[in-house]
Amino acid sequence: MRPLTEAETRSVFEKLGKYIGENIQLLVDRPDGTYCFRLHRDRVYYISEKLLKVAASVPRDNLVSLGTCFGKFTKTQKFRLSVTALDFLAPYAKFKVWVKPGSEQSFLYGNHVLKSGLGRITENTAQYQGVVVYSMADIPLGFGVAAKSTQECRKVDPMAIVVFHQADVGEYVRNEDTLT
């Protein structure tokens with residue numbers, strides 16, 4: 001595991017900034033200790049510094065993963081956020097979308113959120129803003145990108161897409177072989 005380079009850190013923080021804004025600082029300096037991001041085999045892990053010191057004795061070739069995988073870098077060096085980061089993004093999300101109970105299953109199968117399935121949306125959500133998708137019972141289901149702003153959502157027809165699907169908790173079942 002190695003620290004992220006400056007370009008990699010910028011890429012990760014830009015992606016996280018789309019979803020949690022300036023709350024990134026709250027991820028690093030937590031009351032229970034200091035946390036950091038580390039890269040291992042193109043995957044970015046979120047790990048406490050205490051655990052990082054303990055893991056230093058494990059040879060790099062023997063290390064499979066450590067901490068929570070936040071995402072990975074593609075072959076073109078773009079950072080792709082993983083669903084495993086949802087538990088850390090949800091409490092700090094600036095923009096949220098709630099889906100109706102009938103549309104939860106559709107979203108969990110990997111489909112976009114339609115206007116007919118939209119329960120609520122945070123005020124002043126801009127178009128192409130990162131949003132965390134919740135059920136009406138405030139359970140985080142995944143995250144995506146707002147296809148329409150809050151004002152546009154009020155006027156569009158019921159079959160229009162309002163949130164583009166990025167990741168959801170259904171991936172744990174669909175991709176259980178490849179998730180690390």
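Top to bottom by accessible area (1.4 Å), largest first, where do TYR134, TYR172, TYR92 land?
These residues rank, largest area first, as TYR172, TYR92, TYR134.
Could you give log10 I(q)/I(0) at q = 0.12, 0.16, 0.17, 0.20 Å⁻¹ for segment 95-175, computed by the Debye formula over C-alpha point scatterers of equal weight, without solvent?
Debye output, listed in q order: -0.27, -0.48, -0.55, -0.76.
Put +1 on the Cβ of each Lys and Arg and -1 on the Cβ of each Asp and Glu in the chain; which of LEU86, ASN175, THR9 then has its Cα farthest toward the positive end of the dipole?
Final value for the positive-end residue is THR9.
Which whole-number value in Å² is the accessible area per residue of the chain, probe 1.4 Å?
On the way: 9960 Å² over 180 residues.
That works out to 55 Å² per residue.
For the chain, modelled as a Gaussian network with Cα springs under 10 Å, which listed residue fluctuates most, ASN23, ASN62, ASN124?
Checking each option, the largest mean-square fluctuation is seen for ASN62.
Whole-Hz ³J(HN,Hα) for each residue in segment 52-68, computed from phi via Karplus 6.51 cos²θ - 1.76 cosθ + 1.60 with θ = phi - 60°, x for glycine and proline: what do you get?
Per residue, the Karplus-derived 3J(HN,Hα) values read 5, 5, 5, 6, 4, 7, 8, x, 4, 5, 8, 7, 8, 7, 7, x, 10 Hz.
Under a cut-off of 12 Å between alpha-carbon atoms, report the aspartates and glutamates in cross-link reach of LYS96, not counting same-chain residues fewer than 8 places apart.
Filter leaves GLU123, ASP138.
Roughly how many Å² of ILE161 are accessible to a 1.4 Å probe, to the nearest 10?
The accessible area comes out at roughly 60 Å².
Between ALA160 and LEU51, what length in nm is gained on full extension when 0.36 nm per residue of separation is reduced by their alpha carbon distance?
Details: separation 109, 0.36 × 109 = 39.24 nm, distance 4.60 nm.
Between ALA160 and LEU51, full extension yields an extra 34.6 nm.
How many angstrom separate the Cα center of segment 125-156 from the Cα center of segment 56-79?
Here the two parts' Cα centres lie 30 Å apart.
Counting pairs of alpha carbon atoms under 8 Å apart in space and at least six apart in sequence, what relative contact order in percent does segment 95-175 give?
Here the relative contact order equals 35 percent.
Can you report the principal axis dimensions of the chain using only the alpha carbons, biggest first, rounded to whole angstrom?
On the principal axes, the chain reaches 57, 34, 33 Å in Cα extent.
Report the charge-dipole magnitude of the chain in Debye, nearest 20, computed about the Cα centre from +1 at each Lys and Arg Cβ and -1 at each Asp and Glu Cβ.
320 debye
What do you reckon, how do LYS53, LYS96 stack up by accessible area (1.4 Å probe), largest on top? Write out the running numbers ahead of the final one.
On the way: LYS53 155, LYS96 55 Å².
These residues rank, largest area first, as LYS53, LYS96.
Which of rounded, prolate, oblate describes segment 2-88, given a ≥ b ≥ c as roots of the alpha-carbon gyration tensor eigenvalues and a/c under 1.5 marking rounded, otherwise prolate only if a/b is larger than b/c?
Taking the square roots of the gyration eigenvalues as a ≥ b ≥ c, segment 2-88 is oblate.
Would you mind checking the tilt of helix 6-20 against the longest principal axis of the Cα atoms of the chain, expressed as 0 to 90 degrees and rounded to 10?
30 degrees
What's the carbon and sulfur percent of segment 2-88's accessible surface, probe 1.4 angstrom, rounded to a whole number?
Using a 1.4 Å probe with all protein chains present, segment 2-88 comes out at 51 percent carbon and sulfur.
Determine the order of TYR128, TYR35, TYR19 by accessible area, beginning with the largest, at a probe radius of 1.4 Å.
Ranked list, largest accessible area first: TYR128, TYR35, TYR19.
The values are calculated or read from the model by the stated rules, or taken from the named source; none is laboratory data. Just so it is clear, the model here is predicted, and its values are computed rather than measured. Positions of Cβ are generated from backbone atoms using ideal geometry, with glycine treated the same way; all protein chains shown enter the neighbour counts. Protein only, heavy atoms only, side chains kept; ligands, DNA and RNA dropped before computing areas. Shrake-Rupley method; radii C 1.70, N 1.55, O 1.52, S 1.80 Å.
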